[in-house]
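Novice: Next up is a structure, given as structure tokens.
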Amino acid sequence: DPGFLLVRESIKNEIEIECLPGATALIPALVQSGFPNERFVFEGFLPIRKGRKKRLEEIDKDPRTIIIYESPHRIVKFLRDAFEILGNRRICLARELTKKFEEIFRGDLQKAIDKFDQTKKPKGEFTLVIEGTTGRVNS
């Protein structure tokens, strides 16, 4: 999210900023996941190409709950990459939170791949909550 660039420039130019609570999907998605939330890491959007798999390899070792944003047209590719590197972990996909077409999917990476691979064109940004290293599913 490049919004921090705008905030940084506003601060630098002494322009007041007002921040509204609840304007982010990461905390509601974390709560909805049912995963441990006393320690978590927010990764935002991972790199699209260069560095994406390397970042997933780093995440693979993290015991904390992991939160990632992903766009609808890259969701299936991300899920496949995550499955390849992280193994079959438990995941919660939250889409369109607090809106008319809100959707929460809870399961594991393989089931998420199966579901979203069959979805013609998923819509809305996804907030992915992935269980840390302890969340691998035996299969």
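Novice: Pick from region 1-19 the residues that are of a type in the set (D, E) and at pLDDT below 85: which of them is surrounded by the fewest Cβ atoms within 10 Å (Cβ to Cβ)?
Specialist: Looking at the filtered set, the residue picked out is E18.
Novice: Go through region 20-139 and tell me which strands (runs of 3 or more DSSP E), entirely inside it, have 1 or more residues that are open to solvent by 30 Å² or more (accessible area, probe 1.4 Å).
Specialist: Fully inside region 20-139 and qualifying: 40-45, 65-70, 90-95, 103-108.
Novice: Please determine whether any residue of region 51-74 is in contact with a strand residue (DSSP E or B) (Cβ under 6 Å, 6 or more places away or on another chain), among the small types (G, A, S) and touching a residue at least 24 places away in the same chain (Cβ under 8 Å).
Specialist: Checked against the condition, which is being in contact with a strand residue (DSSP E or B) (Cβ under 6 Å, 6 or more places away or on another chain), among the small types (G, A, S) and touching a residue at least 24 places away in the same chain (Cβ under 8 Å), region 51-74 yields no hits at all.
The values are calculated or read from the model by the stated rules, or taken from the named source; none is laboratory data. As the structure is a computational prediction, the values presented were derived from the model and not from experiment. Cβ atoms come from the backbone with ideal geometry, glycine included; neighbour counts cover every protein chain shown. Only protein heavy atoms, including side chains, enter the accessible area calculation; ligands, DNA and RNA are left aside. Shrake-Rupley method; radii C 1.70, N 1.55, O 1.52, S 1.80 Å.
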